[in-house]
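Undergrad: Encoded as structure tokens, here's the structure I'll be asking about.
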Amino acid sequence: MSTKRNNPETIAIHGGDYKSDPVTNAVAVPIYRTTSYQFNNTEHAANLFALKEFGNIYTRIMNPTNDVLEKRVAALEGGLSCVTVSSGQTASSFAILNVAQAGDNIVSSTDLYGGTVSLFTHTLSKLGIEIRYADPSDPKNFEKMVDDKTRAFYGETLPNPYLRVFPIKEVSDIGRKYNIPLIMDNTASPVICKPIEHGAAIVIHSLTKYIGGHGTAVAGSIVDSGNFDWTADPKRQPLFNEPDASYGGVIWGKAVPELTGANVPFAVRARVCLLRDLGSALAPDNAFAIIQGLETVALRMKQHCENAEKVVNFLKKHKEVTKVIYSTEHNKPIADRAKKYLKGGYGPMVGIELKGGIEAGKTFIESLKMFYHVANIGDVRSLAIHPASTTHSQLNEKELAASGVTQSYVRLCIGIEHVDDIIEDLNQALNKSSKGKLRAVS
Ligand code: PLP
């Protein structure tokens, strides 16, 4: 029997040091709806601002409700510190802005969420941060793009539409030769993958998805593993080794371990510089909603994955389905990565291609009765989308193929309903999919 409380089921409920509210003894985490915190005296205020003492200053930078969520997410990922932010998009933006400035570059996986591609290609590039794309099917592609301005590697554990599991250890090992940290977006695979155990330095989440689980709040998080030496090569990480004029000349890589006793300069800098300057704070009400979801994330991931595997087996035999895309349904070595990195399930997402092309894709979506037709992922409900007629409709045939989306590709996020009901809904919609157009999908 496990005696250490490091099981995800327990961490999700008890992780961090919150037992009950210190003032009221409330068991549920209270929503601290306050912007500000009374300083004890002028010395206390000065110490807080100088980081000589840690405590609440202003909710844009920290909040006691968010603090409980941060400690639990850090514990769940096996990291030392976490910063919550207003969305998953903010988490990925901050993760890059915390290591790179104009003139620097990041080497990123090609397999990414569309919003991340847009952020990288259209927004960060305008700020002078170059994103170089590497195909993760061969980890060596990352090494080929490194130069002395490369500040981080970036990947997604279980990216759709390809659903190819990222080679975390392989890419992290390459990065560590050059003192380059690996930032992993683990949004689609909390609990079933812990990227830090495989060498990732930073793990981000869109908490909006599986960790929240109920589709009721948008939120993001950045976890600092504490396992990366930011001072080993000062030229490689100038933001952690050069004096920061915005904070009295502090050198983050040295000051944070000295002040806190923990090697978490990435988390501290993201909080006290990026949240300070850019805002994007998580509202405590949303932190509360995410905490409710987090409590059951381990249970839900298990059910999502169990259902998804049964759905994959059903779909593989269906006459209207020409291809099933799933983390384990790839050629070697990609399929082996699912077994190496995912534990307790091979993921909640499934892709399918249909016999009847784009019209079949649309008709299938229109025919689903229980599944929701939404752009989101990671809800307790089963979700479906036909990218060629929606999220990817602006792309031409070539761009579609490059993004891994074919005309008939449908993305399914398998929910936690009874699997028989999920399969029944899929079956009746698939049987209608080849029967032509029902009505146009906007
Ligand atoms: N990362 C991944 C893998 C996502 O799927 C998403 C959203 O779909 C995001 C980041 C962005 O998250 P949010 O919608 O919370 O901003």
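The values are calculated or read from the model by the stated rules, or taken from the named source; none is laboratory data. All values derive from a computational prediction rather than experimental measurement. For neighbour counting, all protein chains shown are included, and Cβ atoms are generated from backbone atoms with ideal geometry for every residue, glycine included. Surface areas here come from the heavy atoms of the whole protein model, side chains and all, with no ligands, DNA or RNA. Shrake-Rupley method; radii C 1.70, N 1.55, O 1.52, S 1.80 Å.
Undergrad: Stretch residue 358-residue 434 to full length: gain in nm at 0.36 nm per residue minus the Cα-Cα span?
TA: Numbers: separation 76, 0.36 × 76 = 27.36 nm, distance 1.02 nm.
Gain on extension, residue 358 to residue 434, equals 26.3 nm.
Undergrad: Roughly how many whole Å is it from the C-alpha centroid of the range 91-107 to that of the range 315-360?
TA: Rounded to whole Å, the Cα centres lie 32 Å apart.
Undergrad: Please compute the volume of the convex hull spanned by the alpha-carbon atoms of the range 4-143 and report it per residue in Å³.
TA: Values: hull volume 26.3 nm³, N = 140.
In the range 4-143, the Cα hull volume divided by residue count equals 188 Å³.
Undergrad: Using a 1.4 Å probe and counting only protein heavy atoms, arrange 323, 235, 144 so the residue with the most accessible area comes first. Could the numbers behind the result be given before it?
TA: Values: 323 105, 235 170, 144 150 Å².
Largest to smallest exposure gives the sequence 235, 144, 323.
Undergrad: What accessible area, in Å² to the nearest ten, does a 1.4 Å probe give for residue 389?
TA: Residue 389 exposes around 20 Å² with every protein chain in place.
Undergrad: Something else about it: Select from the range 1-65 those chymotrypsin sites (Phe, Trp or Tyr not before Pro) which occupy a DSSP coil region and have at most 14 other Cβ atoms within 10 Å, ordered by residue number. Can you show the working numbers first?
TA: Values: sites: 18, 32, 37, 39, 49, 54, 58; in loops: 18, 32, 37, 39, 54.
Here the sparse-neighbourhood loop sites are 54.
Undergrad: Can you put 176, 276, 337 in order of accessible area, largest first, using a 1.4 Å probe? Don't skip to the answer; put the middle values down first.
TA: On the way: 176 85, 276 65, 337 20 Å².
The residues order as 176, 276, 337, largest area first.
Undergrad: Leaving out ligands, DNA and RNA, and with a 1.4 Å probe, what % of the accessible surface on the chain is carbon or sulfur? Walk me through the intermediate numbers first.
TA: Numbers: 10010 of 18820 Å².
Result for the chain: 53 percent of the exposed heavy-atom area is carbon or sulfur.
Undergrad: Also, I was wondering about something else. List, in the order given, every pair from 169/316; 317/355; 362/432; 144/332 whose Cα-Cα distance in the structure shown is over 20 Å. Walk me through the numbers on the way to the answer.
TA: Working: 169/316 31 Å; 317/355 13 Å; 362/432 11 Å; 144/332 22 Å.
As for pairs spanning more than 20 Å Cα to Cα, those are 169/316; 144/332.
Undergrad: Compute, for the range 298-441, the length of the dipole vector about the Cα centre, with Cβ point charges of +1 (Lys, Arg) and -1 (Asp, Glu) only. Units Debye, rounded to 20. Don't skip to the answer; put the middle values down first.
TA: Values: 22 positive and 16 negative charges, 58 e Å.
Magnitude of the dipole: close to 280 debye.
Undergrad: Quick check on the chain: helices-only [θ] at 222 nm, where DSSP H runs of length 4 and up contribute -39,500 (n - 2.57) each and the sum goes over total residues. Nearest 500, please. Write down the numbers at each step before the final one.
TA: Numbers: 16 runs with 148 residues, N = 442.
It comes out at -9500 deg cm²/dmol, rounded to the nearest 500.
Undergrad: Pairs of alpha-carbon atoms within less than 8 angstrom and 6+ residues apart define the contacts here; what relative contact order does the range 147-289 have, in percent? Mind dumping the intermediate values first?
TA: Values: 220 pairs, mean separation 24.0, N = 143.
Rounded, it is 17 percent for the range 147-289.
Undergrad: I would also like to ask the following. Send over a whole-number figure in Å² for the accessible area per residue of the chain, probe 1.4 Å. Mind dumping the intermediate values first?
TA: Numbers: 18820 Å² over 442 residues.
In whole numbers, the chain has 43 Å² accessible per residue.
Undergrad: Next question, about the same structure. So for the range 10-293, considering every pair of alpha-carbon atoms, how many percent are separated by more than 24 Å?
TA: On the way: 19155 of 40186 pairs.
Beyond 24 Å sits 48 percent of the P(r) for the range 10-293.
Undergrad: Same structure, new question: Using 7 Å Cα-to-Cβ label points, what is the residue 33/residue 295 separation (nm, one decimal)?
TA: Each label point is offset 7 Å from its Cα along the Cβ direction, giving 2.0 nm.
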